[in-house]
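To start, the structure itself, in C-alpha coordinates.
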(Lines give C-alpha, C1' and ligand atoms only; values in the text may rest on other atoms or scores of the structure.)
Protein backbone atom coordinates (compact mmCIF):
# COMPACT_ATOMS: atom_id res chain seq x y z
CA UNK A 1 0.00 0.00 0.00
CA UNK A 2 2.54 2.53 -1.16
CA UNK A 3 1.71 6.19 -0.86
CA UNK A 4 2.68 6.45 -4.52
CA UNK A 5 0.80 3.41 -5.72
CA UNK A 6 0.41 4.40 -9.36
CA UNK A 7 -2.88 2.55 -9.79
CA UNK A 8 -4.52 3.59 -6.53
CA UNK A 9 -7.02 5.85 -8.26
CA UNK A 10 -8.01 3.17 -10.74
CA UNK A 11 -8.41 0.55 -8.02
CA UNK A 12 -10.48 2.87 -5.86
CA UNK A 13 -12.72 3.74 -8.79
CA UNK A 14 -13.19 0.09 -9.68
CA UNK A 15 -13.96 -0.83 -6.05
CA UNK A 16 -16.45 2.02 -5.77
CA UNK A 17 -18.27 1.03 -8.96
CA UNK A 18 -18.51 -2.59 -7.82
CA UNK A 19 -19.93 -1.57 -4.46
CA UNK A 20 -22.37 0.93 -5.99
CA UNK A 21 -23.74 -1.90 -8.16
CA UNK A 22 -23.75 -4.51 -5.37
CA UNK A 23 -25.15 -2.54 -2.45
CA UNK A 24 -26.26 0.80 -3.86
CA UNK A 25 -24.71 4.26 -3.88
CA UNK A 26 -26.26 5.52 -0.64
CA UNK A 27 -25.24 2.50 1.44
CA UNK A 28 -21.63 2.55 0.25
CA UNK A 29 -19.20 4.46 2.47
CA UNK A 30 -15.71 5.68 1.66
CA UNK A 31 -14.48 3.18 4.29
CA UNK A 32 -16.14 0.36 2.30
CA UNK A 33 -14.51 1.55 -0.91
CA UNK A 34 -11.05 1.84 0.61
CA UNK A 35 -11.34 -1.60 2.24
CA UNK A 36 -12.43 -3.23 -1.03
CA UNK A 37 -9.48 -1.65 -2.83
CA UNK A 38 -7.06 -2.63 -0.06
CA UNK A 39 -6.19 1.02 0.55
CA UNK A 40 -6.84 3.58 3.28
CA UNK A 41 -9.56 6.22 3.42
CA UNK A 42 -6.76 8.75 3.47
CA UNK A 43 -5.60 7.48 0.09
CA UNK A 44 -9.16 7.72 -1.20
CA UNK A 45 -9.34 11.37 -0.23
CA UNK A 46 -6.02 12.03 -1.95
CA UNK A 47 -7.69 11.09 -5.25
CA UNK A 48 -11.35 12.04 -4.80
CA UNK A 49 -13.13 14.84 -2.95
CA UNK A 50 -15.94 12.47 -2.00
CA UNK A 51 -17.62 9.29 -3.22
CA UNK A 52 -19.76 11.27 -5.65
CA UNK A 53 -16.67 12.33 -7.53
CA UNK A 54 -16.07 8.71 -8.52
CA UNK A 55 -19.14 9.03 -10.75
CA UNK A 56 -17.67 11.99 -12.63
CA UNK A 57 -14.00 11.15 -12.88
CA UNK A 58 -11.85 8.93 -14.96
CA UNK A 59 -13.08 9.06 -18.50
CA UNK A 60 -11.19 12.23 -19.55
CA UNK A 61 -14.05 12.88 -21.88
CA UNK A 62 -13.36 16.53 -22.58
CA UNK A 63 -9.79 15.83 -23.70
CA UNK A 64 -10.97 13.02 -25.94
CA UNK A 65 -13.65 15.17 -27.55
CA UNK A 66 -11.19 18.00 -28.10
CA UNK A 67 -8.70 15.66 -29.76
CA UNK A 68 -11.41 14.20 -31.96
CA UNK A 69 -12.58 17.64 -33.12
CA UNK A 70 -9.00 18.71 -33.84
CA UNK A 71 -8.42 15.60 -35.93
CA UNK A 72 -11.56 15.81 -38.07
CA UNK A 73 -11.10 16.13 -41.84
CA UNK A 74 -11.19 19.63 -43.32
CA UNK A 75 -14.41 20.81 -44.92
CA UNK A 76 -16.83 18.90 -42.72
CA UNK A 77 -19.91 20.63 -41.29
CA UNK A 78 -19.40 21.76 -37.68
CA UNK A 79 -22.37 19.72 -36.41
CA UNK A 80 -21.01 16.62 -38.15
CA UNK A 81 -17.60 17.13 -36.54
CA UNK A 82 -18.95 17.35 -33.00
CA UNK A 83 -21.49 14.57 -33.53
CA UNK A 84 -18.75 12.25 -34.74
CA UNK A 85 -16.65 13.15 -31.69
CA UNK A 86 -19.55 12.31 -29.40
CA UNK A 87 -20.31 9.05 -31.18
CA UNK A 88 -16.71 7.96 -30.67
CA UNK A 89 -16.97 8.83 -26.99
CA UNK A 90 -20.21 6.88 -26.62
CA UNK A 91 -18.56 3.53 -27.15
CA UNK A 92 -15.98 4.40 -24.51
CA UNK A 93 -18.64 5.57 -22.05
CA UNK A 94 -20.73 2.44 -22.45
CA UNK A 95 -17.84 -0.04 -22.52
CA UNK A 96 -19.23 -1.43 -19.26
CA UNK A 97 -22.94 -1.26 -20.09
CA UNK A 98 -24.16 -2.60 -16.76
CA UNK A 99 -22.21 0.02 -14.86
CA UNK A 100 -23.18 2.81 -17.27
CA UNK A 101 -26.87 2.05 -16.79
CA UNK A 102 -26.50 1.82 -13.03
CA UNK A 103 -24.56 5.07 -12.99
CA UNK A 104 -27.36 6.81 -14.90
CA UNK A 105 -29.85 5.51 -12.35
CA UNK A 106 -27.78 6.78 -9.41
CA UNK A 107 -27.46 10.21 -11.02
CA UNK A 108 -31.18 10.40 -11.83
CA UNK A 109 -32.12 9.61 -8.22
CA UNK A 110 -29.98 12.32 -6.61
CA UNK A 111 -30.75 15.96 -7.40
CA UNK A 112 -27.22 17.10 -6.51
CA UNK A 113 -25.78 14.49 -8.88
CA UNK A 114 -28.14 15.58 -11.65
CA UNK A 115 -26.79 19.11 -11.10
CA UNK A 116 -23.25 17.92 -11.39
CA UNK A 117 -24.10 15.90 -14.49
CA UNK A 118 -25.56 18.99 -16.15
CA UNK A 119 -22.46 20.95 -15.19
CA UNK A 120 -20.30 18.25 -16.77
CA UNK A 121 -22.39 18.47 -19.93
CA UNK A 122 -21.78 22.21 -19.91
CA UNK A 123 -18.03 21.62 -19.77
CA UNK A 124 -18.24 19.15 -22.66
CA UNK A 125 -20.16 21.69 -24.74
CA UNK A 126 -17.52 24.32 -23.97
CA UNK A 127 -14.74 21.94 -24.97
CA UNK A 128 -16.46 21.11 -28.28
CA UNK A 129 -17.23 24.75 -29.00
CA UNK A 130 -13.64 25.79 -28.32
CA UNK A 131 -12.41 23.00 -30.57
CA UNK A 132 -14.62 24.20 -33.42
CA UNK A 133 -13.51 27.81 -33.00
CA UNK A 134 -9.90 26.70 -33.17
CA UNK A 135 -10.76 25.26 -36.59
CA UNK A 136 -12.00 28.69 -37.70
CA UNK A 137 -15.73 28.14 -37.15
CA UNK A 138 -17.55 31.36 -36.18
CA UNK A 139 -18.49 31.70 -32.52
CA UNK A 140 -22.28 31.37 -32.89
CA UNK A 141 -22.12 28.30 -35.15
CA UNK A 142 -19.53 26.70 -32.88
CA UNK A 143 -21.62 27.31 -29.76
CA UNK A 144 -24.91 26.12 -31.24
CA UNK A 145 -23.39 23.04 -32.89
CA UNK A 146 -21.68 22.04 -29.65
CA UNK A 147 -24.78 22.65 -27.53
CA UNK A 148 -27.01 20.73 -29.97
CA UNK A 149 -24.67 17.73 -30.00
CA UNK A 150 -24.33 17.66 -26.21
CA UNK A 151 -28.09 18.00 -25.78
CA UNK A 152 -28.55 15.06 -28.14
CA UNK A 153 -25.95 13.08 -26.19
CA UNK A 154 -27.61 13.82 -22.84
CA UNK A 155 -31.08 12.79 -24.00
CA UNK A 156 -29.75 9.76 -25.87
CA UNK A 157 -27.88 8.61 -22.74
CA UNK A 158 -31.05 8.94 -20.64
CA UNK A 159 -33.03 6.89 -23.15
CA UNK A 160 -30.33 4.27 -23.53
CA UNK A 161 -29.94 3.89 -19.77
CA UNK A 162 -33.66 3.44 -19.19
CA UNK A 163 -34.08 0.91 -22.02
CA UNK A 164 -32.53 -2.45 -21.16
CA UNK A 165 -33.08 -3.57 -24.77
CA UNK A 166 -31.05 -0.74 -26.29
CA UNK A 167 -27.79 -2.06 -27.63
CA UNK A 168 -25.53 0.85 -28.56
CA UNK A 169 -25.74 4.43 -27.38
CA UNK A 170 -24.08 6.09 -30.39
CA UNK A 171 -26.89 5.59 -32.94
CA UNK A 172 -29.40 7.16 -30.53
CA UNK A 173 -27.47 10.44 -30.69
CA UNK A 174 -28.38 10.79 -34.38
CA UNK A 175 -31.98 9.82 -33.62
CA UNK A 176 -32.27 12.66 -31.10
CA UNK A 177 -30.55 15.11 -33.46
CA UNK A 178 -33.09 14.23 -36.15
CA UNK A 179 -35.88 14.91 -33.66
CA UNK A 180 -34.29 18.24 -32.79
CA UNK A 181 -34.15 19.11 -36.48
CA UNK A 182 -37.82 18.19 -36.83
CA UNK A 183 -39.02 20.32 -33.93
CA UNK A 184 -36.94 23.37 -34.89
CA UNK A 185 -37.20 23.08 -38.67
CA UNK B 1 -39.56 42.93 13.08
CA UNK B 2 -42.32 40.38 13.46
CA UNK B 3 -41.50 36.74 13.12
CA UNK B 4 -44.37 36.59 10.64
CA UNK B 5 -43.47 39.70 8.68
CA UNK B 6 -45.23 38.84 5.43
CA UNK B 7 -42.74 40.73 3.28
CA UNK B 8 -39.55 39.58 5.01
CA UNK B 9 -38.49 37.41 2.08
CA UNK B 10 -39.03 40.21 -0.42
CA UNK B 11 -37.14 42.72 1.72
CA UNK B 12 -34.24 40.32 2.25
CA UNK B 13 -34.05 39.59 -1.47
CA UNK B 14 -34.11 43.29 -2.31
CA UNK B 15 -31.42 44.06 0.28
CA UNK B 16 -29.24 41.24 -0.99
CA UNK B 17 -29.52 42.37 -4.61
CA UNK B 18 -28.63 45.95 -3.67
CA UNK B 19 -25.58 44.79 -1.73
CA UNK B 20 -24.46 42.39 -4.47
CA UNK B 21 -24.51 45.32 -6.92
CA UNK B 22 -22.89 47.81 -4.52
CA UNK B 23 -20.12 45.73 -2.98
CA UNK B 24 -20.05 42.45 -4.90
CA UNK B 25 -21.39 39.00 -4.17
CA UNK B 26 -18.30 37.63 -2.42
CA UNK B 27 -17.94 40.54 -0.02
CA UNK B 28 -21.59 40.50 1.03
CA UNK B 29 -22.38 38.48 4.16
CA UNK B 30 -25.73 37.26 5.41
CA UNK B 31 -25.24 39.64 8.36
CA UNK B 32 -24.94 42.55 5.89
CA UNK B 33 -28.11 41.49 4.12
CA UNK B 34 -30.11 41.10 7.31
CA UNK B 35 -28.90 44.47 8.62
CA UNK B 36 -29.82 46.25 5.37
CA UNK B 37 -33.29 44.71 5.48
CA UNK B 38 -33.72 45.57 9.16
CA UNK B 39 -34.16 41.88 10.01
CA UNK B 40 -32.13 39.22 11.80
CA UNK B 41 -29.84 36.60 10.31
CA UNK B 42 -32.16 34.05 11.82
CA UNK B 43 -35.00 35.44 9.72
CA UNK B 44 -32.78 35.30 6.64
CA UNK B 45 -32.16 31.61 7.21
CA UNK B 46 -35.87 31.00 7.62
CA UNK B 47 -36.33 32.07 4.00
CA UNK B 48 -33.07 31.15 2.27
CA UNK B 49 -30.60 28.28 2.70
CA UNK B 50 -27.70 30.64 1.99
CA UNK B 51 -26.95 33.89 0.16
CA UNK B 52 -26.58 32.02 -3.11
CA UNK B 53 -30.20 31.01 -2.97
CA UNK B 54 -31.21 34.66 -3.31
CA UNK B 55 -29.94 34.46 -6.90
CA UNK B 56 -32.25 31.58 -7.73
CA UNK B 57 -35.41 32.39 -5.83
CA UNK B 58 -38.34 34.67 -6.24
CA UNK B 59 -39.34 34.70 -9.85
CA UNK B 60 -41.51 31.53 -9.77
CA UNK B 61 -40.48 31.01 -13.32
CA UNK B 62 -41.49 27.36 -13.64
CA UNK B 63 -45.07 28.08 -12.51
CA UNK B 64 -45.31 30.98 -14.91
CA UNK B 65 -44.03 28.93 -17.84
CA UNK B 66 -46.42 26.10 -17.01
CA UNK B 67 -49.39 28.47 -16.88
CA UNK B 68 -48.37 30.06 -20.16
CA UNK B 69 -48.11 26.69 -21.93
CA UNK B 70 -51.48 25.59 -20.53
CA UNK B 71 -53.10 28.79 -21.80
CA UNK B 72 -51.71 28.70 -25.36
CA UNK B 73 -54.23 28.52 -28.22
CA UNK B 74 -55.03 25.09 -29.63
CA UNK B 75 -53.30 24.00 -32.82
CA UNK B 76 -50.02 25.85 -32.30
CA UNK B 77 -46.71 24.12 -32.91
CA UNK B 78 -45.11 22.83 -29.70
CA UNK B 79 -41.92 24.85 -30.24
CA UNK B 80 -43.97 27.99 -30.78
CA UNK B 81 -45.89 27.39 -27.56
CA UNK B 82 -42.79 27.03 -25.40
CA UNK B 83 -40.95 29.85 -27.17
CA UNK B 84 -43.86 32.20 -26.52
CA UNK B 85 -43.88 31.15 -22.86
CA UNK B 86 -40.18 31.94 -22.57
CA UNK B 87 -40.52 35.27 -24.35
CA UNK B 88 -43.18 36.30 -21.86
CA UNK B 89 -40.90 35.28 -19.01
CA UNK B 90 -37.98 37.25 -20.46
CA UNK B 91 -39.59 40.60 -19.84
CA UNK B 92 -40.24 39.62 -16.23
CA UNK B 93 -36.68 38.37 -15.75
CA UNK B 94 -35.12 41.53 -17.14
CA UNK B 95 -37.52 43.99 -15.48
CA UNK B 96 -34.51 45.26 -13.54
CA UNK B 97 -31.93 45.17 -16.31
CA UNK B 98 -29.01 46.39 -14.21
CA UNK B 99 -29.60 43.68 -11.64
CA UNK B 100 -30.19 40.98 -14.29
CA UNK B 101 -26.88 41.76 -15.96
CA UNK B 102 -25.04 41.83 -12.64
CA UNK B 103 -26.67 38.56 -11.63
CA UNK B 104 -25.47 36.92 -14.85
CA UNK B 105 -21.96 38.15 -14.12
CA UNK B 106 -22.02 36.75 -10.57
CA UNK B 107 -23.24 33.38 -11.85
CA UNK B 108 -20.62 33.28 -14.62
CA UNK B 109 -17.80 33.93 -12.14
CA UNK B 110 -18.68 31.13 -9.71
CA UNK B 111 -18.56 27.53 -10.94
CA UNK B 112 -20.97 26.31 -8.25
CA UNK B 113 -23.48 28.99 -9.29
CA UNK B 114 -23.11 28.04 -12.95
CA UNK B 115 -23.96 24.49 -11.87
CA UNK B 116 -27.03 25.65 -10.06
CA UNK B 117 -28.07 27.79 -13.03
CA UNK B 118 -27.83 24.78 -15.34
CA UNK B 119 -29.87 22.75 -12.87
CA UNK B 120 -32.50 25.49 -12.84
CA UNK B 121 -32.59 25.42 -16.63
CA UNK B 122 -33.13 21.67 -16.42
CA UNK B 123 -36.13 22.23 -14.16
CA UNK B 124 -37.55 24.81 -16.56
CA UNK B 125 -37.17 22.38 -19.47
CA UNK B 126 -38.96 19.69 -17.44
CA UNK B 127 -41.79 22.07 -16.60
CA UNK B 128 -42.22 23.06 -20.26
CA UNK B 129 -42.03 19.46 -21.44
CA UNK B 130 -44.63 18.35 -18.89
CA UNK B 131 -46.88 21.22 -19.94
CA UNK B 132 -46.68 20.16 -23.58
CA UNK B 133 -47.41 16.52 -22.76
CA UNK B 134 -50.47 17.60 -20.83
CA UNK B 135 -51.67 19.18 -24.08
CA UNK B 136 -51.31 15.80 -25.82
CA UNK B 137 -47.92 16.38 -27.46
CA UNK B 138 -45.91 13.15 -27.81
CA UNK B 139 -43.07 12.67 -25.32
CA UNK B 140 -40.16 13.06 -27.76
CA UNK B 141 -41.52 16.21 -29.41
CA UNK B 142 -42.35 17.70 -26.01
CA UNK B 143 -38.88 16.99 -24.65
CA UNK B 144 -36.99 18.27 -27.68
CA UNK B 145 -39.13 21.39 -28.05
CA UNK B 146 -38.70 22.24 -24.37
CA UNK B 147 -34.95 21.59 -24.41
CA UNK B 148 -34.47 23.63 -27.59
CA UNK B 149 -36.38 26.60 -26.18
CA UNK B 150 -34.52 26.52 -22.87
CA UNK B 151 -31.18 26.20 -24.64
CA UNK B 152 -32.09 29.24 -26.72
CA UNK B 153 -33.10 31.11 -23.59
CA UNK B 154 -29.85 30.26 -21.78
CA UNK B 155 -27.62 31.36 -24.65
CA UNK B 156 -29.74 34.46 -25.33
CA UNK B 157 -29.51 35.46 -21.67
CA UNK B 158 -25.71 35.09 -21.73
CA UNK B 159 -25.47 37.24 -24.85
CA UNK B 160 -27.86 39.84 -23.54
CA UNK B 161 -26.04 40.08 -20.20
CA UNK B 162 -22.65 40.55 -21.81
CA UNK B 163 -23.86 43.18 -24.28
CA UNK B 164 -24.60 46.49 -22.57
CA UNK B 165 -26.17 47.77 -25.80
CA UNK B 166 -28.75 44.98 -26.02
CA UNK B 167 -32.19 46.31 -25.23
CA UNK B 168 -34.61 43.43 -24.85
CA UNK B 169 -33.83 39.81 -24.11
CA UNK B 170 -36.93 38.25 -25.70
CA UNK B 171 -36.03 38.87 -29.39
CA UNK B 172 -32.63 37.24 -28.88
CA UNK B 173 -34.36 33.94 -28.04
CA UNK B 174 -35.71 33.75 -31.61
CA UNK B 175 -32.29 34.72 -32.98
CA UNK B 176 -30.66 31.79 -31.18
CA UNK B 177 -33.45 29.42 -32.25
CA UNK B 178 -32.87 30.44 -35.87
CA UNK B 179 -29.16 29.70 -35.43
CA UNK B 180 -30.03 26.32 -33.93
CA UNK B 181 -32.23 25.59 -36.94
CA UNK B 182 -29.38 26.58 -39.25
CA UNK B 183 -26.78 24.35 -37.63
CA UNK B 184 -29.07 21.32 -37.37
CA UNK B 185 -30.98 21.76 -40.62
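The values are calculated or read from the model by the stated rules, or taken from the named source; none is laboratory data. Keep in mind that what you see is a predicted model, and the values were worked out from it rather than measured. Positions of Cβ are backbone-derived with ideal geometry, glycine not excepted, and every protein chain shown enters the neighbour counts.
Residue-wise test of (1) within 14 Å of another protein chain (Cβ to nearest Cβ); (2) assigned to a helix (DSSP H, G or I); (3) crowded, with 23+ Cβ neighbours inside 10 Å; (4) out of contact with any strand residue (DSSP E or B) (no Cβ under 7 Å at 6 or more places or on another chain).
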{"site": "B:98", "(1), (2), (3), (4)": "no, yes, no, yes"}
{"site": "B:105", "(1), (2), (3), (4)": "no, yes, no, yes"}
{"site": "B:120", "(1), (2), (3), (4)": "yes, yes, no, yes"}
{"site": "B:127", "(1), (2), (3), (4)": "no, yes, no, yes"}
{"site": "B:137", "(1), (2), (3), (4)": "yes, no, no, yes"}
{"site": "B:140", "(1), (2), (3), (4)": "yes, yes, no, yes"}
{"site": "B:154", "(1), (2), (3), (4)": "yes, yes, no, yes"}
{"site": "B:157", "(1), (2), (3), (4)": "yes, yes, yes, yes"}
{"site": "B:166", "(1), (2), (3), (4)": "no, no, no, yes"}
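Which pairs do you get when a residue that is closer than 15 Å to residue A:54 by Cα, found in segment A:22-39, comes within reach of a residue that is not in a helix (DSSP H, G or I), reach meaning Cβ atoms under 7 angstrom, with the pair 6+ apart or on two chains?
A:34/A:40
Before we move on, is residue B:47 at pLDDT below 95 and not assigned by TED's automatic domain parsing to the domain that holds residue B:148? Even if it seems obvious, please write down each step before you answer.
Values: at pLDDT below 95: yes; not assigned by TED's automatic domain parsing to the domain that holds residue B:148: yes.
When the stated conditions are applied, residue B:47 passes them.
Just to be sure, is residue B:31 touching a helix residue (DSSP H, G or I) at 6+ places or on another chain (Cβ under 8 Å), modelled with pLDDT of 95 or more and assigned by TED's automatic domain parsing to the domain that holds residue B:92? Steps first, please.
Numbers: touching a helix residue (DSSP H, G or I) at 6+ places or on another chain (Cβ under 8 Å): yes; modelled with pLDDT of 95 or more: yes; assigned by TED's automatic domain parsing to the domain that holds residue B:92: no.
Spelling it out, it is not the case that residue B:31 is touching a helix residue (DSSP H, G or I) at 6+ places or on another chain (Cβ under 8 Å), modelled with pLDDT of 95 or more and assigned by TED's automatic domain parsing to the domain that holds residue B:92.
Checking the conditions here, which among B:170, B:146, B:119 is over 27 Å from residue A:172 (Cβ atoms) and touching a helix residue (DSSP H, G or I) at 6+ places or on another chain (Cβ under 9 Å)?
Exactly one of B:170, B:146, B:119 is over 27 Å from residue A:172 (Cβ atoms) and touching a helix residue (DSSP H, G or I) at 6+ places or on another chain (Cβ under 9 Å), namely B:170.
Out of the helices (runs of 4 or more DSSP H) lying entirely within segment B:1-76, which hold 2 or more residues that are farther than 22 Å from residue B:94 by Cβ?
Numbers: elements: B:8-23, B:30-37, B:41-47, B:61-70.
Helices (runs of 4 or more DSSP H) meeting the threshold: B:8-23, B:30-37, B:41-47.
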